[in-house]
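One structure is given here, and the rest of the page talks about it.
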Amino acid sequence: MLESRGHLLTEQINPNSQNLDRLTSLELVDLFNQEDRKNLQAIAAARSELAKAIDLTAASLSRGGRLFYVGAGTSGRLGVLDAAECPPTFCTPPELVQGILAGGAPALLKSSEALEDRREDGAQEIAQKEVTAVDVVLGITAGGTTPFVHGAIAEAKKRGATTIFLACVPASQFKIDVDVDLRLLVGPEILAGSTRLKAGTVTKMALNILSTSVMVKLGKTYGNRMIDVSVTNQKLRDRALRILQDLADLDRQEAETLLDRSGQKVKLALLMHWGGVSLEKGNQCLEEARGNLRTALELANR
């Protein structure tokens with residue numbers, strides 16, 4: 001017999017939208033705006049758990065580990081999106097942050113929600129990725145019950161990996177034993193049960209905070225500049241040049257020359273300019289500093 005999930009916070013009826021189909025367009029916009037304020041409150045309420053997830057993930061990745069987002073439907077797609085945005089923003093290898101979606105790549109474009117019920121598929125994905133104790137597996141399930149995610153978490157725990165659970169229901173409604181239990185409580189959706197709304201938005205917010213903060217701790221930024229940006233198109237080249245112009249106080253032509261000398265690597269270009277070192281010496285210092293520019297500068301100035 002199928003167990004009812006109507007008690008879950010994400011499935012409950014929102015009293016503020018009972019007359020949803022009778023609202024004007026302006027009233028609809030105002031209602032969404034009012035409800036979306038709860039996303040910020042949910043992030044603030046979970047700040048300690050989110051900070052712990054950042055610290056554990058950064059520590060694992062600094063030891064050579066990987067971060068895996070696991071989910072189905074909207075939750076899984078958001079994980080894939082965040083993972084896909086890391087390489088161009090932080091010049092990370094694609095394998096460093098990976099998204100695992102129930103149904104694989106086809107489920108990105110075509111709903112395959114039935115696949116979320118296969119717990120064994122989640123476990124198999126973790127096994128195929130050869131997850132180890134140095135990796136991090138973050139399961140995303142708005143309602144907290146997705147079998148695909150629980151299968152992945154269980155397999156990850158068996159392999160000794162750090163496990164993080166992100167859900168939009170309180171722990172009292174669905175308990176799980178993980179290293180970080182991150183609950184983002186945004187309340188019932190405007191459209192009952194449609195977790196692509198507030199639950200999806202707050203998940204995107206949390207993943208933005210997590211991945212960006214982890215990359216900051218891994219030395220991928222200098223101040224608030226993305227000094228590991230991957231220069232793969234004109235927009236990103238322009239951004240790289242503006243970073244060099246601003247931080248190194250160069251004109252456009254000088255920045256272009258320096259960027260080309262560095263092999264299109266902003267961090268290395270800054271080290272060469274500030275430290276007065278060659279390309280080879282700069283690479284050596286960055287390697288010794290494990291990619292941290294401030295540490296590499298200290299090495300270059302010895």
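Observations
- Pairs where the first residue, in the stretch 69-94, is on the phi > 0 side of the Ramachandran plot and the second is assigned to a helix (DSSP H, G or I) and surrounded by fewer than 23 Cβ atoms within 10 Å (Cβ to Cβ), C-beta under 7 Å, 6+ apart: G73/E113
- Applying the condition of being in contact with a Gly (Cβ under 8 Å, 6 or more places away or on another chain) and within 21 Å of G65 (Cα to Cα) to the stretch 133-149 and asking which residue is surrounded by the fewest Cβ atoms within 10 Å (Cβ to Cβ) yields A133.
- Top-ranked residue of the stretch 12-59 - restricted to ones that are surrounded by 15 or more Cβ atoms within 10 Å (Cβ to Cβ) and basic (K, R), ranked as nearest to L197 (Cα to Cα): K38
- Of all residues making up the stretch 82-129, the number that are among the hydrophobic types (A, V, I, L, M, F, W, C) and at pLDDT 90 or above: 13
- Subset of the stretch 24-83 (residues that are in a loop (DSSP other than H, G, I, E, B) and under 18 Å from G139 (Cα atoms)): A46, G65, R66, A72
- For the stretch 150-187, the set of residues classified as in a helix (DSSP H, G or I) and surrounded by 24 or more Cβ atoms within 10 Å (Cβ to Cβ) consists of A152, I153, A156, listed by residue number.
- Lone unmet requirement of (1) in contact with a helix residue (DSSP H, G or I) (Cβ under 6 Å, 6 or more places away or on another chain); (2) of a type in the set (G, A, S); (3) closer than 29 Å to G73 by Cβ for S194: (1)
- The residues listed here are L67, L61; of these, the one that is more than 28 Å from L115 (Cα to Cα) and touching a strand residue (DSSP E or B) at 6+ places or on another chain (Cβ under 9 Å) is L61.
Residue-by-condition table, conditions (1) surrounded by 22 or more Cβ atoms within 10 Å (Cβ to Cβ); (2) not assigned by TED's automatic domain parsing to the domain that holds E85:
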| site | (1), (2) |
| --- | --- |
| E189 | yes, no |
| R196 | no, no |
| A199 | yes, no |
| T203 | yes, no |
| I209 | no, no |
| T212 | no, no |
| Y222 | no, yes |
| R225 | no, yes |
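- Condition check for A300: touching a His at 6+ places or on another chain (Cβ under 6 Å) and aliphatic (A, V, I, L, M): no
- Residue within the stretch 60-68 that is under 30 Å from K129 (Cβ atoms), surrounded by 12 or more Cβ atoms within 10 Å (Cβ to Cβ), aromatic (F, W, Y) and modelled with pLDDT of 95 or more present: yes
The values are calculated or read from the model by the stated rules, or taken from the named source; none is laboratory data. Everything numeric in this text was worked out from a predicted model, so none of it was measured. Note that each Cβ is placed from the backbone with ideal geometry, even for glycine, and that neighbours are counted across all protein chains shown.
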